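The values are calculated or read from the model by the stated rules, or taken from the named source; none is laboratory data. Note that the structure is a prediction, hence the values are computed from the model and not measured. Note that we place each Cβ from the backbone using ideal geometry, even for glycine, and neighbour counts take in every protein chain shown.
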Amino acid sequence: MQHLYFVRHGLSVMNKQGIFSGRTETPLAPEGLAQAKAAGLELKDVGVDCIVSSPMKRARHTAQIIADEIGYNKDKIILNDLFMERAFGPLEGTPYSKHLQMEDIEGVEPGEELLARAKAGIEFLQTLPYNTIVVTSHGAIGRAMRHLLHPDIPFHGSESFNNAEVIKLL
């Protein structure tokens, strides 16, 4: 793997409502569909060899839209549980607040576990025989991956990714 792009899923219905979704399935909102299409157009000329996605509906749908835009066979999208969203436990379905200290809330996937999962995800990607990989996933796992690949960027308190923003990690 020489190039790694990360795309957080397009805006979901629960994102639009300002609600923690975590492991709760929620479809893309109409704006999220348009965002995913724009991400695909942005990736059209980078030579994507492989798309890997969280199996969650909003990330998988984003990956499928990107695949359509770049001419990639949707049947070849690799789904991997390592790229699922952080489990927010008791916060799922409640109003979103970026000021919560996740580490202090029982039932929320601890940051150390999320970082370990992100590390395993990166190691999985490194086993694939492709040069340019796109991962469609979720904000927390994306920040964890960015921190592991660029340790100077902190995981906790780091800038979040916009929906369907294309981030070059490698």
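Observations on the model:
- Yes/no for Arg58 being crowded, with 17+ Cβ neighbours inside 10 Å, of a type in the set (D, E, K, R) and in contact with a Pro (Cβ under 7 Å, 6 or more places away or on another chain): yes
- Pairing residues of segment 32-60 that are without any contact (Cβ under 8 Å) to a residue 24 or more places away in the chain with residues that are aliphatic (A, V, I, L, M) and surrounded by 17 or more Cβ atoms within 10 Å (Cβ to Cβ), at Cβ distances under 7 Å and at least 6 apart in sequence or on separate chains, gives no pairs at all.
- Residues of segment 79-95 that are touching a residue at least 40 places away in the same chain (Cβ under 8 Å), under 18 Å from Ser137 (Cβ atoms) and not polar (S, T, N, Q): Leu82, Phe83, Met84, Glu85, Arg86, Ala87, Phe88, Glu92.
- Of the helices (runs of 4 or more DSSP H) lying entirely inside segment 1-98, those containing at least 3 residues that are under 15 Å from Ile133 (Cα atoms), modelled with pLDDT of 95 or more and of a type outside the set (Gly, Ala, Ser) span 57-70.
- The single condition among (1) touching a Ser or Thr at 6+ places or on another chain (Cβ under 6 Å); (2) of a type in the set (Val, Ile, Thr); (3) more than 23 Å from Met14 (Cβ to Cβ) that Thr136 does not meet is (3).
- Filtered residues of segment 126-142 (kept if assigned to a helix (DSSP H, G or I), over 22 Å from Ala39 (Cα atoms) and not hydroxyl-bearing (Ser, Thr, Tyr)): Gln126
- Filtering segment 117-139 to residues that are surrounded by fewer than 19 Cβ atoms within 10 Å (Cβ to Cβ) and either without any contact (Cβ under 8 Å) to a residue 24 or more places away in the chain or in contact with a His (Cβ under 7 Å, 6 or more places away or on another chain) (or both) leaves Glu123, Thr127, Pro129, Asn131, Thr132.
- Condition broken by Ile51, with the remaining ones in (1) closer than 26 Å to Phe155 by Cβ; (2) touching a strand residue (DSSP E or B) at 6+ places or on another chain (Cβ under 8 Å); (3) surrounded by fewer than 21 Cβ atoms within 10 Å (Cβ to Cβ) satisfied: (3)
- Residues in segment 148-170 that are assigned to a helix (DSSP H, G or I) and within 29 Å of Ala34 (Cβ to Cβ): Leu149 only.
- Residues located in segment 91-125, provided they are within 29 Å of Ala38 (Cα to Cα) and among the hydroxyl-bearing types (Ser, Thr, Tyr): Tyr96, Ser97
- Scope segment 99-125; condition under 14 Å from Glu85 (Cα atoms), among the aliphatic types (A, V, I, L, M) and in a loop (DSSP other than H, G, I, E, B); matching residues: Val108
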